[in-house]
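Peer 1: Handing you this structure, nothing more for now.
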Amino acid sequence: MSNTDKIIAFLHYHPGISRQELMAGLDLGVKDTQMKNLLSSCIADGFVRVEGRARATRYFITPKAQLLRTVDLATYYA
């Protein structure tokens with residue numbers, strides 16, 4: 001599962017979280033600037049939408065991401 005898929009899956013279950021909460025919850029081992037780049041890529045692809053600005057920024061998945069997201073079968077059946 002790619003980092004992008006992990007971000008989308010995490011946001012599916014935890015909508016409206018900040019970048020710091022996302023980094024803490026996923027623990028991908030990436031730095032803050034790398035997480036910004038991953039999120040920017042997800043936003044540009046139309047999988048993540050942003051609400052708020054600066055410290056009040058929150059991330060949500062889009063309907064497109066809900067339809068096209070990768071499902072981990074082991075997690076799904078657990």
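The values are calculated or read from the model by the stated rules, or taken from the named source; none is laboratory data. Because the structure is predicted, anything quoted here is derived from the model rather than measured. Counting neighbours? That spans all protein chains shown, and the Cβs are built from the backbone with ideal geometry, glycine included. Each accessible area value is taken on the protein alone, full model and side chains, heavy atoms only, with ligands, DNA and RNA left out. Shrake-Rupley method; radii C 1.70, N 1.55, O 1.52, S 1.80 Å.
Peer 1: Rank L68, T57, N37 by how far each Cα sits towards the positive end of the charge dipole of the chain (+1 on Lys, Arg Cβ; -1 on Asp, Glu Cβ) and give me just the farthest.
Peer 2: After comparing all options, I get T57.
Peer 1: Could you tally the net charge around R53, taking each other residue with its Cβ under 15 Å from the Cβ of R53, Lys/Arg +1 and Asp/Glu -1? Provide the component values of the computation, followed by the final result.
Peer 2: Numbers: positive: R19, K36, R49, R55, R58; negative: E51.
Combined, the nearby Lys, Arg, Asp and Glu give +4.
Peer 1: Using a Förster radius of 25 Å, what is the FRET efficiency between K36 and L67 based on their Cβ-Cβ separation? Nearest 0.05, please. It would help to have the intermediate numbers written out before the result.
Peer 2: Numbers: r = 26 Å, r/R0 = 1.02.
For R0 = 25 Å, the calculated efficiency reads 0.45.
Peer 1: For the chain, what does -39500 (n - 2.57) per DSSP helix run (n ≥ 4), summed and divided by total residues, give at 222 nm, in deg cm²/dmol to the nearest 500?
Peer 2: On the way: 5 runs with 43 residues, N = 78.
After summing the helix terms and dividing by residue count, I get -15500 deg cm²/dmol.
Peer 1: HN-Hα J couplings of region 43-55 from phi, Karplus 6.51/-1.76/1.60, θ = phi - 60°, integer Hz, Gly and Pro as x?
Peer 2: Running phi through 6.51 cos²θ - 1.76 cosθ + 1.60 with θ = phi - 60° gives 5, 5, 7, x, 8, 10, 10, 10, 10, x, 9, 6, 5 Hz.
Peer 1: A follow-up question, please. So, for the chain, what is the accessible surface per residue at a probe of 1.4 Å, expressed in square angstrom?
Peer 2: Working: 5250 Å² over 78 residues.
Normalised by residue count, the accessible surface of the chain is 67 Å².
Peer 1: Full extension from R58 to H12: what is 0.36 nm times the residue separation minus their Cα-Cα distance, to one decimal in nm?
Peer 2: Values: separation 46, 0.36 × 46 = 16.56 nm, distance 1.31 nm.
That pair, R58 and H12, stretches by 15.3 nm at full extension.
Peer 1: Still on this structure, please answer the following. Short version: ³J(HN,Hα) in whole Hz for each residue of region 5-16, in order, from phi by Karplus 6.51 cos²θ - 1.76 cosθ + 1.60 (θ = phi - 60°), x for Gly and Pro, what are they?
Peer 2: Residue by residue, region 5-16 yields 5, 5, 5, 5, 5, 5, 5, 4, 8, 9, x, x Hz.
Peer 1: State, as an integer percentage, the relative contact order of the chain based on alpha-carbon contacts under 8 Å between residues 6 or more apart. Don't jump to the answer; show the numbers that get you there.
Peer 2: Values: 76 pairs, mean separation 28.2, N = 78.
Here the relative contact order equals 36 percent.
Peer 1: Give the cross-link partners of K64 among the aspartates and glutamates, using a straight C-alpha distance below 16 Å as the criterion and excluding same-chain residues fewer than 8 apart.
Peer 2: Leaving aside aspartates and glutamates fewer than 8 places away in the same chain, those within reach of K64 are D5, D45.
Peer 1: Between L28 and V50, what is 0.36 nm times their sequence separation minus the Cα-Cα distance? Round to one decimal in nm. Mind dumping the intermediate values first?
Peer 2: Working: separation 22, 0.36 × 22 = 7.92 nm, distance 2.07 nm.
Contour length minus Cα-Cα distance gives 5.8 nm.
Peer 1: Can you give me the long-range amide H partners of T62? Hydrogens built in the peptide plane at 1.01 Å from N, cutoff under 5 Å, separation of 5 or more residues or another chain.
Peer 2: V48, R49
Peer 1: Also, quick follow-up: Assign one of three labels to the chain, namely rounded, prolate or oblate, based on the Cα gyration tensor with a ≥ b ≥ c the square roots of its eigenvalues; rounded applies when a/c is under 1.5, prolate when it is not and a/b is larger than b/c, and oblate otherwise.
Peer 2: Details: a/c = 1.65, a/b = 1.34, b/c = 1.23.
Because a/c hits 1.5 or more and a/b exceeds b/c, the chain counts as prolate.
Peer 1: Find out how many positive minus negative residues lie around C42, taking Lys and Arg as positive, Asp and Glu as negative, among other residues whose Cβ is under 15 Å from that of C42. Please list the in-between numbers first.
Peer 2: Details: positive: K6, R19, K36, R49, R58, K64, R69; negative: D5, D45, E51.
That sum, taken over residues with Cβ under 15 Å, equals +4.
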